Amino acid sequence: MNSQKKILIITYYWPPAGGPGVQRWLKFAKYLPEFGWEPVIYTPENPSYPLLDESLMKDVPENIEIIKTKIWEPYQLAEKLNKSNKKFKAGQFDVGKNQSWKSKLSIWVRGNFFIPDARVFWVKPSVKFLEQYLKENKIDVVVTSGPPHSLHLIGLHLKNKLPSLKWIADFRDPWTEISYYKHLKLTKSSDKKHRQLESDVFRNADITLATSYTDAENFRKNGANAVCITNGFDETDSNPQTLKPSNSQSQFTLSYIGVLEQLRNPETLWRALDNLIKTNSDFAENFTLKFAGRIDEKILNSIENSGLKNNILNLGYVSHDKAIGEMQSSDMLLITNFPNESSKGIIPGKIFEYLATGKQIISFGPDNADVAKILNETKAGKHFSYSDFESVKSFILEKFELWKNGTLLENTQNIEQFSRKNLTKKLAEILN
């Protein structure tokens, strides 16, 4: 066993924290030992998580070494001042007219006082502690995962002190390229400082990891040695069945699983479905539009006032396990992204769960999106822009005809590259 190399993973989020951010390094840590790497986790002792999910504890490897030190976060102060500050931790903001003066003030303080973020007070004590730890323990690679991007500053300082250290900076989300960066009300000098720190991380990390192809490309333009390793699905969470006709349902079902806001509302799709129902009685009789999750009231109202009103099944919010079941009892799955060009690098984590079911995926978003690349490679469905009315209609009709004839196949053949195990294998190859 001693031939295993050791990897120190510096992460703010670790179970019982919930949300997609936790799962990336939790799953890497789960599979790394199979590829010759023993993970050691460094995480805060008293973090303040916006979400908790106890069910993720089952994925924590049994004898894993976890080191914890205390963190001081000004959020604890901020939350006393104003309860809505809890939303910031999840990267959520009230924008524009919804902002109270307190909210404006705390955004300004957050962006300008705590650079890069409010976890910055953990940097100095962590560097001091880990410098000692690295001298006493043989660690082959150090990983920092952000956001919070202040964790990359721990890597940066350790690399300066121990130049032979191999350091990987993992960006689950971009830093200055993230959509809400421009809402942080930064002064010129704060903006400059954010960009300077980001650039220092890019230039000093041996490898910068991105979760999408576009992010990796942007990081390279800014001086990083960037590689893309996407997120994925864990085979142990779902059991994909390969290539069997999926017309076991009595209805041809198109499902949207998750939260749907107005900014990514695929009106073209609703129009296409409305048109098909009005012009094709066969389709009208056999079609169901299923929602599981939180759908914006205005979107729901407009669909309920259209020709689709008799074909809707709205289940409301369901648990994660039930959501997977609802995906599996569908024929087509819908995924949407923001229509603007700057969002083409967003790959929603949900797409990997969708892929694992083998169902046909219909996707909406900007042209040349990273999601389109994944759908082309896996032959798992098709990506459309928000104005593709005719082609959306014919795509759905084509799948409906196959379903009717009992020949709509499930396809999980070429999705293995996105399994967490294979993605960890890819990571291990980069580490060596």
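The values are calculated or read from the model by the stated rules, or taken from the named source; none is laboratory data. Just so you know, these numbers come straight off a predicted model, no measurement behind them. As a convention, Cβ positions derive from the backbone with ideal geometry for all residues, glycine included, and neighbour counts pool all protein chains shown. Just so you know, the surface numbers come from the protein's heavy atoms only, side chains and all, with ligands and any DNA or RNA stripped out. Shrake-Rupley method; radii C 1.70, N 1.55, O 1.52, S 1.80 Å.
Collect residues whose amide H, placed 1.01 Å from N in the peptide plane, falls under 5 Å from the amide H of residue 6; neighbours closer than 5 in sequence don't count.
38, 140, 141
Tell me the per residue accessible area of the chain using a 1.4 Å probe; a whole number in Å² is fine.
Value returned for the chain: 46 Å² of accessible area per residue.
Of the heavy-atom accessible surface of the stretch 333-409 (probe 1.4 angstrom), what whole percent is carbon and sulfur?
52
For residue 336, which sequence-distant residues (separation of 5 or more, or a different chain) have an amide H within less than 5 Å of its own amide H, given hydrogens modelled in the peptide plane?
It is 364, by chain and number.
Quickly work out the residue 161-to-residue 4 label distance, labels modelled 7 Å from Cα along the C-beta direction, and quote it in nm with one decimal.
Placing both labels 7 Å beyond Cα along the Cβ direction yields 2.6 nm.
What ranking do 133-143, 57-67 get when scored by the average of other Cβ atoms within 10 Å per residue, highest first?
Order by mean packing, descending: 133-143, 57-67.
Among 67, 255, 3, which residue has its Cα positioned farthest towards the positive end of the charge dipole of the chain, with +1 placed on the Cβ of Lys and Arg, -1 on the Cβ of Asp and Glu, and the dipole taken about the Cα centre?
Checked the options; the winner is 67.
What is the stretch 319-432 by shape, rounded, prolate or oblate, if you read a ≥ b ≥ c off the alpha carbon gyration tensor as root eigenvalues and call it rounded for a/c under 1.5, prolate for a/b larger than b/c, and oblate otherwise?
Here the stretch 319-432 falls in the oblate category.
HN-Hα J couplings of the stretch 55-72 from phi, Karplus 6.51/-1.76/1.60, θ = phi - 60°, integer Hz, Gly and Pro as x?
5, 6, 4, 5, 8, 6, x, 4, 9, 5, 7, 10, 9, 10, 10, 5, 10, 10
Based on the alpha carbon coordinates of the chain, what radius of gyration and maximum Cα-Cα distance (Dmax) apply, in Å?
23.1, 74
Mind putting a number on the dipole of the stretch 317-378 about its Cα centre? Charges go on the C-beta only, +1 for Lys and Arg and -1 for Asp and Glu, and I need it in Debye to the nearest 20.
Here the size comes out at about 40 debye.
Quick one: which residues, 5+ away or cross-chain, put their amide H under 5 Å from the amide H of residue 381? H built at 1.01 Å from N.
For residue 381, whose amide H was placed from the backbone, the distant partners under 5 Å are 361.
For the stretch 366-377, what does the Karplus curve 6.51 cos²θ - 1.76 cosθ + 1.60, with θ = phi - 60°, yield as ³J(HN,Hα) per residue in whole Hz, taken in order and with x for Gly and Pro?
Ordered by residue, 3J(HN,Hα) equals x, 4, 6, 6, 4, 4, 4, 4, 5, 5, 5, 5 Hz.
On a C-alpha basis, how far is the centre of the stretch 280-302 from the centre of the stretch 391-432 in Å? Whole number, if you could?
24
Expressed in nm to one decimal, what extension gain is obtained for the pair residue 394 and residue 199 from 0.36 nm per residue of sequence separation less their Cα-Cα distance?
Extra length available between residue 394 and residue 199 comes to 65.5 nm.
Give the relative contact order (percent, whole number) for the chain; include only Cα pairs under 8 Å separated by 6+ residues.
Relative contact order of the chain: 14 percent.
Towards the positive end of the charge dipole of the stretch 156-307, with charges on Cβ (+1 Lys, Arg; -1 Asp, Glu), say which of 276, 216, 236 has the farthest Cα.
Of the options given, the answer is 216.
Quick one: dipole size for the chain, taken about the Cα centre, charges +1 on Lys/Arg Cβ and -1 on Asp/Glu Cβ, in debye to the nearest 20.
Magnitude of the dipole: close to 1640 debye.
Using a probe of 1.4 angstrom, how much of the accessible area of the stretch 147-301 is carbon and sulfur, in percent?
Taking all protein chains in place, the stretch 147-301 shows 47 percent carbon and sulfur surface.
How much length, in nm to one decimal, is gained on full extension between residue 34 and residue 261, taken as 0.36 nm per residue of separation minus their Cα-Cα distance?
Here the answer is 77.7 nm.
Which Cα, out of 156, 171, 20, lies furthest along the positive dipole direction of the chain (beta carbon charges, K/R +1, D/E -1)?
156
Using the Karplus equation 6.51 cos²θ - 1.76 cosθ + 1.60 (θ = phi - 60°), what ³J(HN,Hα) coupling, rounded to whole Hz, does each residue of the stretch 404-418 give in order, writing x for Gly and Pro?
So the J values, rounded to whole Hz, are 4, 7, x, 10, 7, 8, 8, 10, 10, 5, 10, 9, 4, 4, 9.
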